[in-house]
1. When you scan segment 1-51 for helices (runs of 4 or more DSSP H) that lie fully inside it, which ones turn up with 3 or more residues that are more than 14 Å from I64 (Cα to Cα) and of a type in the set (K, R)?
2. Name the residue, out of F33, F48, that is buried (at least 16 other Cβ atoms within 10 Å of the Cβ) and either within 12 Å of the chain's Cα centre (by Cα) or touching a residue at least 40 places away in the same chain (Cβ under 8 Å) (or both).
3. For T70, indicate whether it is exposed (fewer than 11 other Cβ atoms within 10 Å of the Cβ) and β-branched (V, I, T).
4. Taking the condition under 21 Å from A67 (Cα atoms) and either out of contact with any Asp or Glu (no Cβ under 7 Å at 6 or more places or on another chain) or surrounded by 10 or more Cβ atoms within 10 Å (Cβ to Cβ) (or both), does E54 pass?
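Read-outs: derived from the displayed coordinates by stated rules, not from any lab. As the structure is a prediction and not an experimental result, all values here were calculated from the model. Glycine also receives a Cβ, built like all others from the backbone with ideal geometry; neighbour counts cover every protein chain displayed.
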Amino acid sequence: MIWDDVLKKMTSKKSKKIVILELMILIHSDDKFHKFEHKIIEQIASIFKIDSKELNLYSQWGKIASASYTQGKIFLQD
C-alpha cells in the first residue's frame, strides 16, 4: 500500500483511533460497507494493531455518526 509508511509513523493511540473513526464515518456515509472498503480498513487496523472487536465498535459508531449527520441535514431543510 502506498500509505503504509504514513500510517506506520502514527504512534499515538489517540491519533490511530481518530483516523479509524473518521474513516468509518466516510465508509458508512452511503449506508454500505463495500468489500473494498472492508479490506482497506482491515489492513489499516492491522497496521494500528486494532483487533476485530474494537474495529466493530468503531464501525458501529461510524454508522451512528453518519446517520446523525444525515438526519441533521434533513431537519434543517426548508
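1. Working: elements: 4-9, 13-28, 35-48.
Of the helices (runs of 4 or more DSSP H) lying wholly inside segment 1-51, those with at least 3 residues that are more than 14 Å from I64 (Cα to Cα) and of a type in the set (K, R) span 13-28.
2. F48
3. no
4. Numbers: under 21 Å from A67 (Cα atoms): yes; either out of contact with any Asp or Glu (no Cβ under 7 Å at 6 or more places or on another chain) or surrounded by 10 or more Cβ atoms within 10 Å (Cβ to Cβ) (or both): yes.
In short, yes.
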